[in-house]
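Report on the following structure.
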Amino acid sequence: MADRVLITTDDLEQAVRVNASLEQAGFDTAMVSSLDDVRAAVRSREPDAMVLTGGLHESTAQRLLAAAREHAVSTLGLVEPTDADPTQVGRELGLTGWLKKPVDPGEVTATVRRLIERRRLQQRTGILGESPAIQEVLVKIEQMAPVTSTVLIEGESGTGKELVARAVHDLSPRHGKAFIAVNCAALPETLLESELFGHEKGAFTGAAERRLGRFELANGGTIFLDEVGEMTPSTQVKLLRVLEDRTFFRVGGTQPIRVDVRVIAASNRSLKEAVARGTFRDDLFYRLNVLSVYLPPLRERRSDIPLLVRTFIAEFAKQHDRNFHGITPDALQIIVDADWPGNVRQLKNLIESMVVLAPEGEIRSRDIPSDIREGSRGLPVRIETGRTVAGQELEFIFRSLVELKLQLEDLRRRIDDKPAERVEVIEVGGGSEGRRQIEASVDPLDPSPESPSPVIYKPGMSMSDVERAAIDAALRETHGNRRKAAENLGIGERTLYRKLKEYAID
Ligand SMILES: Nc1ncnc2c1ncn2[C@@H]1O[C@H](COP(=O)(O)OP(=O)(O)OP(=O)(O)O)[C@@H](O)[C@H]1O
Ligand SMILES: [Mg+2]
């Protein structure tokens, strides 16, 4: 099927010429006036690219560009000769590409083709964003993929460094071989060295067998050294040797081992500054920094946020099987304006939790946590030691929280969906310390104490009341067998133990 291109008719003469050239090149084209309902045109025709022939500074063009960005449609703007700096205009307007008038229609066609190819690249790699910064990153990925030179990727936590590293590998001739990621900050020095280079039997206490390191496992493929700035000086020297002559020794080994591995390194702090501080070797820095990519923080490319939000909502609605309509304009505005110190990861996690929890099947302003609404200064979290919890640790904490929330949701749904197995919760007085006491009633038609206890929700009950009652009933049903009770409730045994403690059930 031919690629579809929309052409605006603001500069009618250009539009006609561009249209003819694109048609001749085999594109499926349509001309639209900016005064038409362009949003509808974008939605119904699902173009692959759009050419704006003029009126770039008009509000109609701005609306068109916003719609294009939301639908991940590439935009090529034809900038007036009176605009001194087309690059600046392009960046300010958030165009994907731009050409200064007068333009040759053939050049427009070639550029449109390139933009469409880049969009395909985004679909392949999962790297979203129409901002010039992300487009530049994509161009670099295309250039870096075919060669074997070392790449250094820098950017704050959650900006997509690993995503970019995988894209470089996936688009490279090595894509059929291993991509092996090692987090250099996660392990103490000796373990990291053994992890990277392997060890011989008996190299140290506990080294009962010879073990291959990540460099050997990545042979023919790519190794991704995450948080490379955290390496100790001694490991830095060993890495330098691998980069210089592609050989290394297993820990405790005497035979040099030769490998063919492409190295991609990442750091969420500036390595150049680490060199200036004296914590990172300058010769290693230059070896790593042959090719480099910088991923700017999300707050410096806010124009990408609506597209990210829309895509993540659709993704998580599908994943959690939720009928979800989207987000209200004012809620989206709050999200666009927030700081996002945890960058795309933080945004993605928040969208997931809101898709799971927003009661209306739509994200509204009030569903957004207050720290985000107030400028999002909540993350990264500082803990008592003064250390910053970021990246994967934060992801782990978040995952655990979402998991808990999902379990509760699931529990609620089970209770809602199965009226036949309801649990009756009766309030019996105020309880000794004012705590509510709960009892499960027995179905009058089946007086057998063995039968499943019905659980009934009463107005005014909180989620924890229902949960407590369900746990009580499940325990009774399984004659106090906690493992079975947890299984029946669809939660982990440890979660059940925690809840028993929390609700003081024994
Ligand atoms: N441009 C983007 N488009 C779509 N998803 C993105 C983008 N950038 C990041 N993500 C998503 O955000 C999350 C974090 O990305 P990634 O792990 O690559 O970040 P990172 O820079 O390696 O973070 P850290 O420094 O904490 O390790 C991932 O789920 C990733 O898919
Ligand atoms: Mg990472």
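The values are calculated or read from the model by the stated rules, or taken from the named source; none is laboratory data. In this text the structure is predicted, and so the values were computed from the model without any measurement. Using ideal geometry, Cβ is built from the backbone for each residue, glycine included, and neighbour counts are taken over all protein chains shown.
List of remarks:
- All of Arg310, Arg269 fail the test of being of a type in the set (Lys, Arg), assigned to a helix (DSSP H, G or I), surrounded by fewer than 22 Cβ atoms within 10 Å (Cβ to Cβ) and at pLDDT below 95, apart from Arg310.
- Residue in the stretch 19-26 that is among the charged types (D, E, K, R) and touching a residue at least 12 places away in the same chain (Cβ under 8 Å) present: no
- Odd one out for His199 among (1) in contact (Cβ under 8 Å) with a residue 40 or more places away in the chain; (2) within 16 Å of ligand 2 (Cβ to nearest atom); (3) not small (Gly, Ala, Ser): (2)
- Every condition in (1) at pLDDT below 95; (2) outside any helix (DSSP H, G or I); (3) of a type outside the set (Phe, Trp, Tyr); (4) within 29 Å of Arg91 (Cβ to Cβ) holds for Asn323 except the one numbered (4).
- Where Gly221 falls short, out of the listed (1) within 26 Å of Ala145 (Cα to Cα); (2) within 16 Å of ligand 1 (Cβ to nearest atom); (3) modelled with pLDDT of 95 or more; (4) of a type outside the set (S, T, N, Q): (2)
- Residue count for the stretch 286-307, restricted to those that are in a helix (DSSP H, G or I) and either modelled with pLDDT under 90 or in contact with a Leu (Cβ under 9 Å, 6 or more places away or on another chain) (or both): 8.
A quick yes/no check of all residues on (1) in contact (Cβ under 8 Å) with a residue 40 or more places away in the chain; (2) in contact with a Phe, Trp or Tyr (Cβ under 8 Å, 6 or more places away or on another chain); (3) within 14 Å of ligand 2 (Cβ to nearest atom):
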| site | (1), (2), (3) |
| --- | --- |
| Val164 | yes, no, yes |
| Ala207 | yes, no, no |
| Leu217 | no, no, no |
| Asp226 | yes, no, yes |
| Thr235 | yes, no, no |
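- The stretch 94-115: number of residues that are in a helix (DSSP H, G or I) and buried (at least 19 other Cβ atoms within 10 Å of the Cβ): 5
- Index of the failed condition, Asn343 passing every other in (1) modelled with pLDDT under 95; (2) at positive phi: (1)
- Checking Ile372 against (1) in a helix (DSSP H, G or I); (2) surrounded by fewer than 18 Cβ atoms within 10 Å (Cβ to Cβ); (3) touching a residue at least 24 places away in the same chain (Cβ under 8 Å), the condition it does not meet: (2)
- Annotation: Ile127 fulfils all but one of (1) modelled with pLDDT of 95 or more; (2) more than 15 Å from ligand 1 (Cβ to nearest atom); (3) not polar (S, T, N, Q); the unmet one is (2).
- Candidates Ala40, Ala68, Ala49, Ala84 - the one that is more than 28 Å from Gln333 (Cα to Cα) and either touching a His at 6+ places or on another chain (Cβ under 8 Å) or not polar (S, T, N, Q) (or both): Ala84
- Val259 among the aliphatic types (A, V, I, L, M), touching a strand residue (DSSP E or B) at 6+ places or on another chain (Cβ under 6 Å) and farther than 20 Å from Val293 by Cα: no
- Evaluated against (1) touching a residue at least 40 places away in the same chain (Cβ under 8 Å); (2) surrounded by 14 or more Cβ atoms within 10 Å (Cβ to Cβ), Glu46 falls short on exactly one condition, (2).
- Of all residues in the stretch 130-164, those satisfying the criterion of being among the aliphatic types (A, V, I, L, M) and near ligand 1 (Cβ under 9 Å from one of its atoms) are Ile134, Val137, Ile153, Leu163, Val164.
- Whether a residue is closer than 17 Å to Ile223 by Cβ, within 16 Å of ligand 1 (Cβ to nearest atom), out of contact with any strand residue (DSSP E or B) (no Cβ under 9 Å at 6 or more places or on another chain) and among the small types (Gly, Ala, Ser) was assessed, and Ala167 passes this test.
- Note on the stretch 486-500: residues that are of a type in the set (Gly, Ala, Ser) and modelled with pLDDT under 85 amount to 2.
- Look at (1) within 16 Å of Thr148 (Cα to Cα); (2) among the β-branched types (Val, Ile, Thr); (3) within 16 Å of ligand 2 (Cβ to nearest atom) and you find that Val242 fails only one, number (3).
- All positions within the stretch 233-263 that are loosely packed, with under 12 Cβ neighbours inside 10 Å and either of a type in the set (A, V, I, L, M, F, W, C) or under 22 Å from Ala165 (Cβ atoms) (or both): Glu244
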